[in-house]
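Inspection log for the structure reproduced underneath, given as structure tokens.
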């Protein structure tokens, strides 16, 4: 199951991160998780929110360059070798991990939730399914973050 | 309201008949008008009289249109030096309007009009609009600034005289521009090409597809633009983009305008006589050769201009346009002789940067060139606004795009720039005109 993620272009300067966050706050859109990739000059803010389309429209209306991308949320055992097991599954498939970050908030005890952006999300899903690695969809994600 | 685009070409407007005068007759009209104008300028404007006297030239010495090359040139600084009314050939009692340049430093350049001047200008704009297919029944949104700038009011009166329905919205307030464009079923937009690209982007963000609106004609000018930009505009909005040319010193917009064939603006030669000169030797060049455009107003009363050096680099097309107009065409102006930057000894025109940016996938039309000097070495930075289309989610893809932009610019200009990606709509725009160059060097 894939999860929609919003990416927002930011300039790397004071104040540029707060502008989109304030907009979302005013509209009552909760950020479920986020990560920030940065270079010396610019940054990419990645967000998972409950209502992706609404957030996208809001940000676009306010002049931000926004893209929706699909990421995959995986349950990873919170113990040594948890992440390695997932990467092992992908070994030799030619599927690249573009980036990954962890979800904030409480999840099922003994497990962490990680978000992955794969070079080929559909192929990745297939491989993960074959190896019985659990993916978490949007609804399930929302439920877990709230519960 | 019918929201589809009407592509019919209207019958010729009566005012357009002047566009088709037989060449010999056009020459007669030009020469008759030139003699009257020069006599008037000689009698009433001391600067013109003194310069002609220096050359031992009297108005009566003009025997044919070819003798125009004997007349002295006028340059922009002449307008500054005689600020505000030194070049006026009419008493204040006959002057009914002023316009002025937006000059950011020092005094503006002032131009004056009698009622007859305004009538001539209105007719030139009417003929401009008619040439690209605008007609009575069109809804024309004028998004050029109204006020001292000639763009807004110039287009306004011409469009009204044509019988079009005018929306005098002026510049700025983009969301309202788009709302009216959609709600009124606007068919013709007049603004700068860079502002229209901004309108396309913004409409997209608002969920409005410009291609589905009745809009079919764009009258774009007031800044140099390229053929690549025309393609991008037309692809993004499904309209026809036409180049209107003009400058306040001569009259404002409507000095020249493209016909439906989009083959370069036709100069309204019965009103504004064009020459091309070599900007270094000041010698006239034959049709077809590139040089600086020089214009002489043949009818202007309040402020005649004799051989005004426009600084625009172009050529006069040696061939007749397929539309049949006898008016010569200028090649679209991509650069001005005073736009040229010399960076590390290399000549650079902003239009080259624009062409380089538009070549790269995920085209980026909004840019600014920043030239500086650090430790005696010129630096070239190009700031580019990231558009939603060009934005991609990974750092590596963005950095690759940055590299492609650097290579493209280096390939075209021979200069290796620093390319900086900036957020949408962060670059300065003034009066809808994109500010393309910031030169911080102290020479």
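Listed values, structure above:
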| quantity | calculated |
| --- | --- |
| Shielding by other protein chains, B:198-207, mean Cβ within 10 Å | 2 |
| Spatial separation of Cα centroids for the stretch B:334-411 and the stretch A:76-92, in angstrom | 44 Å |
| Shielding by partners - mean other protein chain Cβ count within 10 Å, residues of B:28-37 | 0 |
| Prolate/oblate/rounded call for chain A, Cα gyration tensor, a/c under 1.5 rounded | prolate |
| Helix-only CD estimate at 222 nm, as mean residue ellipticity for chain B, using -39500 (n - 2.57) per DSSP H run (n ≥ 4) | -9500 deg cm²/dmol |
| Degrees, to the nearest 10: B:23-44 long Cα axis against longest axis of chain B | 80 degrees |
| Cα centroid separation - the stretch A:36-71 against the stretch B:130-170, whole Å | 39 Å |
| Residue among B:19, B:120, B:183 with the largest mean-square fluctuation in a Gaussian network model of chain B, springs linking Cα atoms under 10 Å | B:183 |
| Percent RCO, i.e. relative contact order, over chain B, from Cα pairs under 8 Å lying at least 6 residues apart | 14 percent |
| Average beta-carbon neighbours from other chains, 10 Å sphere, peptide B:398-405 | 2 |
| Per-peptide average of other Cβ atoms within 10 Å, ordering B:404-412, B:5-13 highest first | B:404-412, B:5-13 |
| Helix axis angle, B:193-205 relative to chain B longest principal axis, alpha carbon, degrees | 30 degrees |
| Cα gyration tensor category, rounded, prolate or oblate, for the stretch B:173-217 with a/c compared to 1.5 | rounded |
| Overall dimensions of the protein assembly as shown as given by Cα atoms, namely Rg and Dmax in Å | 29.4, 102 |
| Residues listed by number, the stretch B:179-213, amide nitrogen under 11 Å from residue B:5 label point at 7 Å toward C-beta | B:210-213 |
| Shape call, chain B: gyration tensor on alpha carbons, a/c limit 1.5 | oblate |
| Volume per residue that the Cα convex hull of the stretch B:182-241 spans, once the total is divided by residue count, Å³ | 67 Å³ |
| Principal-axis tilt of helix B:174-184 within chain B, Cα atoms, nearest 10 degrees | 80 degrees |
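All of the numbers you see were taken from the coordinates with simple rules; none came from a lab. Since the model is a prediction, treat every value here as computed from it, not as a measurement. So basically every Cβ, Gly included, is an ideal-geometry build from the backbone, and we count neighbours across all protein chains shown.
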